[in-house]
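J.: What follows is a structure written as structure tokens; I'll ask about it next.
Rule-based calculations on the coordinates, nothing more; no lab input. Quantities reported herein were computed from a predicted structural model and do not represent experimental measurements. Using ideal geometry, Cβ is built from the backbone for each residue, glycine included, and neighbour counts are taken over all protein chains shown.
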Amino acid sequence: MLTRREFIKRCRDISLLMCGQTLLTRQLAHGFLQLAKAPPSIAFVHAQNCMGCTTSMMYGNDFDFLDFLGSVGNLDIHPALSFNQGGEYLARLDAICKEGNHLLVVEGSIPSDPPEACLLGDRPIYDVLADCAQKAKMVICSGSCASHGGIPASGGNQTGALSVGAYLEQKKIKVPLLQVPGCPVHPDHLMGSIAYITATGKLPPLKKETRLPEEYFGELLHNRCSRYQHFSQDKFVNNYAKDKNDCLLKKGCRGPVTASDCPVRRWNKRTSVCVESNTPCIGCMNSHWPFKSDLYLETAEVEDLPWSQMKQKTNSRR
Ligand code: SF4
Ligand code: SF4
């Protein structure tokens, strides 16, 4: 049992995770008190995924994932983490989905052609997911494959892989949908979104014309990058070993066309982020990921662009 002080601290920490500096502690505390009476069931389903998002989820910056989900809801089943495995997992999934009002978290994209490319038990996930989503309170796409199709939908798309949104549209299922892209998903993005939904019963504020939480995807990565000052002074990396703090744009960095707060949130207990590790951003949270031709921005697109033109370009491609 949490003491009052511990409870308020927990609310404050989750509030920061969800809302950054816009503290909502009192509202959250109220929400969590309601939750204590009837915590929503949270059910995870895996489609065409690589387990990377599940692995990532386990490494939250400030929260232990399992402890966190236990505080804000009832982590009912997860195909890799819950005690219910195999037939027990399938039976519990069936029961939760029949009862309804659950939060359904999907990892991976949904194969449509052939649907048998991914089975859950002995049924195609293409059929199972419709049963799972029909009565769900909300569906949350964890990672880029569920959000936008991701790697299974790239190249020749041998399995007719669909994003969860495209799948629900094809099945004519109307349910509130949230996309939390990333390859893998950022644990804070997923946990913050789940916390917001469970505490308020609503989707978090969305970025205009998208299903993405504004809090995490509202701004271009480039604008918050630690190398931005070097970019504005036209100092670019030519030699990775020598120009360690310079801008990676001319090495193909997709920061100027990718919206995410990852340069300030960082990864692995705030240790670092791709651009700080001397690696250009490959835009894993971008809806076009993985890009058709090249992971990196084409050199011709960025070569000899003066600062003023680049600024225009980044604003228009947001
Ligand atoms: S182009 Fe990439 S490395 Fe350069 S400032 Fe933008 S995000 Fe940072
Ligand atoms: S910096 Fe780019 S590639 Fe790295 S996690 Fe963020 S969006 Fe993905």
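J.: May I ask you to list the residues of the range 195-212 whose amide nitrogen lies under 19 Å from a point 7 Å from Cα along the Cα→beta-carbon direction of A38?
T.: Residues passing the 19 Å test: 195-203.
J.: Something else about it: Once both labels are modelled 7 Å past Cα along the beta-carbon direction, what's the K202-N223 spacing in nm?
T.: Going from the K202 label point to the N223 one covers 2.4 nm.
J.: Mind checking the full-extension length gain between T55 and A80? Use 0.36 nm per residue of separation minus the Cα-Cα distance, one decimal, nm.
T.: 8.0 nm
J.: With respect to the cross-link table entries K207/K244; K98/K171; K171/K292, which display a Cα-Cα separation exceeding 29 Å?
T.: With Cα atoms farther than 29 Å apart: K207/K244.
J.: Let me ask you something else. Take the alpha carbon gyration tensor of the range 156-249, find the square roots of its eigenvalues, order them as a ≥ b ≥ c, and report rounded if a/c is under 1.5; if not, report prolate when a/b exceeds b/c, else oblate.
T.: The shape class here is prolate.
J.: Stretch H288-E276 to full length: gain in nm at 0.36 nm per residue minus the Cα-Cα span?
T.: Result for the pair: 2.0 nm of gain on full extension.
J.: Output the peptides 151-157, 126-132 sorted from most to least packed, where packing is the average of other Cβ atoms within 10 Å over each peptide's residues.
T.: Listed from highest to lowest mean packing, they are 126-132, 151-157.
J.: Multiply the residue separation of L119 and K235 by 0.36 nm, subtract the distance between their alpha-carbon atoms, and state the gained length in nm to one decimal.
T.: Here the segment from L119 to K235 would lengthen by 36.7 nm.
J.: Another question about this same structure. Run the simple label-point estimate for A95 and N157 please: 7 Å along Cα→C-beta, distance reported in nm.
T.: The answer from the label model is 3.8 nm.
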